[in-house]
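This report refers to the structure that appears directly beneath it.
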Amino acid sequence: MRFGQFGLFDLDRRYEELSRGGDPLVKLAQVVDFELFRRELERALAFSDGSKGGRLPWDAVLMFKAFVLQALYGLSDEALEFQIRDRLSFQRFLGLTPGDPVPDARTIWKWRERLTRSGVFERLFERFDRYLRKRGYIAQGGRIVIAAIIEARRPRLTAREKQIMKRGEVPADWSEARRRQIDRDGRWTLKRGRKRESDGVVRRDLEALATPVFGYKNHVNVDRTHGFIRNFDVTHAAAFDGHRLGRILDFENTASVVWADAAYRTRANLELLARKAMKPAFQYPKPKGKPMPAHIERGNRTRRAVRCLVEHVFAAIKWRFGFRLRSVGLARAKARIALVNLTYNLTRLVFWEMRTA
């Protein structure tokens with residue numbers, strides 16, 4: 001065994017070892033043809049052809065795959081640059097070799113800002129949904145609608161600044177840098193849950209907890225059969241879930257049922273579904289000051305058994321991806337959430353393709 005020398009075929013052997021170890025990026029690269037995104041990316045970027053000189057830009061698909069890695073592993077710009085330099089699996093996924101240059105954190109930020117201003121991440125999400133349908137993954141089994149809070153960086157404000165912000169104004173003594181650092185689009189809301197015991201078990205007999213959180217909401221429509229996100233919308237965290245149903249409904253689903261929690265049971269939503277010949281399967285709220293009738297509780301339990309299937313979507317995004325908002329403002333939040341929703345669909349396609357292989 002020799003040490004300290006890099007042979008001609010050592011890199012190939014290391015790649016083979018990574019593949020045998022179950023590198024998930026190999027499966028992702030095999031299943032997804034990332035070239036299908038090139039046209040939209042290059043149209044959004046609209047770089048010059050280089051005839052006037054200057055450094056050529058990075059390849060658009062390479063940078064998009066870097067953003068997918070960032071969403072998949074919950075990395076900051078600086079961490080993404082370091083991991084690309086450090087990890088052979090990242091380099092192979094991007095089509096780089098250990099001796100190739102790597103986009104630095106500043107380049108990553110500039111590219112994302114340019115793509116965010118163009119709104120391309122939402123179009124890429126729609127493009128991939130059309131690709132799924134062409135491959136036979138049509139929306140089936142009905143729609144499951146749910147919303148989850150995505151926490152953002154909390155603004156640190158004085159009492160005087162809070163009063164000014166509540167009036168929709170900006171303190172006059174704020175510098176330009178301060179204005180850029182404070183998120184004025186996000187909102188505070190209460191996140192409700194129950195206390196967990198030391199062993200992690202949730203006690204249903206304990207009083208519900210309400211925790212104040214700041215950020216945005218990711219409203220999604222998931223098809224029941226395949227578990228893909230078919231539509232989504234992004235709002236501030238205090239937005240009422242029931243008002244977003246019309247924006248995220250998927251009218252191409254082969255089934256007519258729509259599952260959702262009690263917040264969506266409004267007259268406007270019921271009339272909307274009736275006009276579209278859809279069947280509501282919404283939860284019923286508990287009557288105020290009265291126990292829940294037994295027959296309504298049984299119906300809620302039946303619907304809950306279907307709705308719980310969508311929990312894996314946000315479990316993957318929040319816990320497996322480790323996603324959190326590191327940006328300021330609604331426009332950037334929409335772009336980042338669109339990207340992480342698209343990344344979830346990419347991994348979901350890998351799941352189905354590996355399952356049927």
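Quick notes on this structure:
- Failed item, numbered, when Thr211 is tested on (1) outside the structural domain of Phe128 (by TED's automatic domain parsing); (2) of a type in the set (Val, Ile, Thr); (3) modelled with pLDDT of 90 or more: (3)
- Screening Asn300, Asn253 for residues that are polar (S, T, N, Q) and over 25 Å from the mean Cα position of the chain (by Cα) leaves exactly one candidate, Asn300.
- Looking across the range 138-168 at every residue that is more than 20 Å from Leu330 (Cβ to Cβ) and in contact with a Lys or Arg (Cβ under 9 Å, 6 or more places away or on another chain), the one that is surrounded by the fewest Cβ atoms within 10 Å (Cβ to Cβ) is identified as Gln140.
- The range 222-248 residues that are not assigned by TED's automatic domain parsing to the domain that holds Ala268 and surrounded by 19 or more Cβ atoms within 10 Å (Cβ to Cβ), paired with ones that are outside any helix (DSSP H, G or I) and not polar (S, T, N, Q) (beta carbon under 7 Å, 6 or more apart): none
- Residue in the range 336-346 that is in contact with a helix residue (DSSP H, G or I) (Cβ under 9 Å, 6 or more places away or on another chain), at pLDDT 85 or above, farther than 22 Å from Lys217 by Cβ and not polar (S, T, N, Q) present: yes
- Of all positions in the range 115-132, at least one carries a residue that is more than 27 Å from Val213 (Cβ to Cβ), of a type in the set (Val, Ile, Thr), touching an Asp or Glu at 6+ places or on another chain (Cβ under 8 Å) and buried (at least 21 other Cβ atoms within 10 Å of the Cβ).
- Those helices (runs of 4 or more DSSP H) lying entirely in the range 211-323 with at least 1 residues under 30 Å from Ser76 (Cβ atoms): 245-248, 311-315
- Any hit, the range 85-100, residues being modelled with pLDDT of 85 or more, exposed (fewer than 14 other Cβ atoms within 10 Å of the Cβ) and among the acidic types (Asp, Glu): yes
- Test result for Val258, under 24 Å from the mean Cα position of the chain (by Cα) and modelled with pLDDT under 90: no
- For the range 15-34, the set of residues classified as among the hydroxyl-bearing types (Ser, Thr, Tyr) and either within 22 Å of the chain's Cα centre (by Cα) or surrounded by fewer than 16 Cβ atoms within 10 Å (Cβ to Cβ) (or both) consists of Ser19 only.
The values are calculated or read from the model by the stated rules, or taken from the named source; none is laboratory data. Quantities reported herein were computed from a predicted structural model and do not represent experimental measurements. Virtual Cβ from ideal backbone geometry, glycine too; neighbours counted across all protein chains shown.
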